[in-house]
Structures are given as C-alpha cells and as structure tokens.
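Contents: one structure, followed by commentary.
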Amino acid sequence: MNLDELMNEYADLESKLADPAVHADQVKARTYGKRYAALTPIISTYRELESVRNDLSAARELSSEDATFAEEAVELEKRIPALEERLTHLLVPRDPNDDKDIIMEIKAGEGGEESALFAGDLLRMYLRYAERVGFKAEIIDAQHSDLGGYKDVTVGIKGKEGAWARLKFEGGVHRVQRVPATESQGRIHTSAAGVLVYPEAEEVDVQIDPNDLRIDVFRSSGPGGQSVNTTDSAVRITHVPTGVVVSCQNEKSQLQNKESAMRILRARLQAIEEEKANAAAMAERKSQVRTVDRSERVRTYNYPENRISDHRVGFKAYNLDQVLDGDLDAVIQALLDAETAEKLAAHS
C-alpha cells in the first residue's frame, strides 16, 4: 500500500470514528480505533516531512534576498534524512496481528517443583510488565504446584497499543540457573519453563462448528490433587478435527470456565490456520516451544550473575532483578529492532 492509499484510509477512518453510530458497535469501534492509532505515526511523520520539504523550498527561494533564509535552509536540510529514515521504518510491512490482544501460556518443564516456581516468577514478570506499560492482564486458568508455583497458567493480556506487537517474541523455552528453594546443598541447578503466545481471536475470526467439539466437565482440583469445588465446574473442550484440548477450572461456574476455554481454543486454532496459510507466520513462530526442552532455550535467567541473555539476538544485561520486576523494555526493543532490520533487508 502506498502513501496516497494510506492517507485515504486514514481520512476514511477519521470520518468513521467521528460517527456516533460506529461507537454503538464496540468491536467495530475498537477495530477502527486500533487501525487509526497504528496509522497515526506514519501520517504524522509524512506530513512533517512534506512540511519541512515545502519550508526548505521556500527558504531556498528567499535565501538570495536574505541571509537568514540561507541559514534556515541549511537547518531544514539537516532534518530531512532523519524524517525519511523514520518514515521508511514506519512503512515496513507490519505483522497483521500487531494490534491484537494475546493469550499467553506458561508451562513448567524439566526441573519439577523448581520449574513450577520459575513459571510463577515468569508469570509475575509479565503481570508487572503489563502493569508498567498500561496493559490489562487477567489469569484465565491456572494449575498450581504444591510449593506455590504453577504447573500451567494461562493469561489474557490486552493493550491499546497491541499486546502482540510487544510480547510476540516471548514464546519459547526460558531457562533459569539458580540455587532452588528445594536444594539443601546450595548447588546451582538449571531448569526450564515454556512460554506460548497467541494473538487473541475474535469470534468472527474463527468459525467453530459446535458439532466438532467434545465438552467434558469435572471437579476442579488444587495443589496435590485436592478438590477445590464440590461441583463439576471445570471444563475440558476437545476440538475433534485437530485434536486440540483446552481445559479451564479457574472460575467457579461451569459457564465461565467454558467461555475461558473457548477463548484459548479460538486463539490456538487461529494460530494453526495462520501457520498453514502463511509460511512467514510459521517462520516468526518457529522459536515457540513445542516441548519444554532445555536445549531449545530462547532466553536464560542467571541468578548468581544477575544476568539475562536472549540467545536469538545476542542481548545481554546484568539487571535480572529489575527484569523480573517487569522491566522488559530493553530486551523487547532489541528483538523488535532485529525484526525491523530483517524486514528492511528483505525489502531493500
């Protein structure tokens, strides 16, 4: 899409968002609003660049009559390369899911109870990051471990600027090196937890035939297998054609657990369809964990050295305590910069 088409689309969205009737449909208004917000920096930069070019042209015309215009022309000329570079970066094809909310699953892997405790640390890190950047996070489902960690936890994260754009690279195996709470000899252990990230799918995005679903209900269980509820409120949904199974037991009502399970199922099925239809989408998701195997790590959290390392882009920093408290900006930016560089290289 060229700049003229983007300008027309932006004007059209501006008109639609000014129409009160559009806001009666919250899903439509939200979709338009997100696209408008995504286009705003492109249009603003383009308008600024055009303004500077026009001012430069005028200053050059008047420079022969007044020396101050010659000086102004020099200053204006210096601004153009930076604006052109910014516009080039903004015009790099965006991931179509960048504006979407996400479903994130964190799963304990090798390492038993220590891995479950680390999964809990990752959950807190993402919840604090979401709070810092103004995203809204909710725990959709959780299976606790005996020592207060998580065997498996699923979170929904929503953000005005698009949670997927910021958190899509978190998928993969996260490895921790530290002395576990369960270690009496003070030895450093290595264990791992897996993270899966899916763009959240709207009902209109994924059509699910109710006849393709097998729905089972059972009694919720807590740490150690003890019963949490005395009613069969937990729900397990199997999508028969794909074999995808989702279970939820976090809520007290069967209906709420079914709704939560359907949210996760839609996100997973959409991800499967995208991988089938789009080789690029598959490439972007290739680092995501399939089995929580320490050898497939994307990131290492080394407690003795207070170090975080992202192995995909060679990022390293010695502020692990701050990262675990939600300060993920630097590592996320390194991943985003690498993505932009790759896309620029592909389109140069």
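The values are calculated or read from the model by the stated rules, or taken from the named source; none is laboratory data. This is a predicted model, so every value here is computed, not measured. Don't worry about glycine lacking a Cβ; one is built from the backbone with ideal geometry, like all the others, and counts go over all protein chains shown.
Taking the options 177, 185, 207, name whichever one is in contact (Cβ under 8 Å) with a residue 24 or more places away in the chain and in the same structural domain as residue 335 (by TED's automatic domain parsing).
Going through 177, 185, 207 in turn, the sole match is 177.
Which strands (runs of 3 or more DSSP E) does the range 294-348 wholly contain that include 2 or more residues that are of a type in the set (Val, Ile, Thr)? Before the answer, list the steps.
Numbers: elements: 297-302, 307-310, 315-317.
Passing ranges, in order: 297-302.
Check whether at least one residue in the range 26-45 is surrounded by fewer than 12 Cβ atoms within 10 Å (Cβ to Cβ) and closer than 25 Å to residue 158 by Cα, and report yes or no.
There is at least one residue in the range 26-45 that is surrounded by fewer than 12 Cβ atoms within 10 Å (Cβ to Cβ) and closer than 25 Å to residue 158 by Cα.
Quick check on the range 56-64. Is at least one of its residues touching a residue at least 24 places away in the same chain (Cβ under 8 Å) and in a helix (DSSP H, G or I)? Break it down into steps so the answer makes sense when it comes.
Residues of the range 56-64 that are touching a residue at least 24 places away in the same chain (Cβ under 8 Å), as a first pass: 56.
Right, trim to in a helix (DSSP H, G or I) and you get 56.
Checking the range 56-64: at least one residue is touching a residue at least 24 places away in the same chain (Cβ under 8 Å) and in a helix (DSSP H, G or I).
Residue 138: without any contact (Cβ under 8 Å) to a residue 40 or more places away in the chain and within 30 Å of residue 265 (Cβ to Cβ), yes or no?
Values: without any contact (Cβ under 8 Å) to a residue 40 or more places away in the chain: yes; within 30 Å of residue 265 (Cβ to Cβ): yes.
It is true that residue 138 is without any contact (Cβ under 8 Å) to a residue 40 or more places away in the chain and within 30 Å of residue 265 (Cβ to Cβ).
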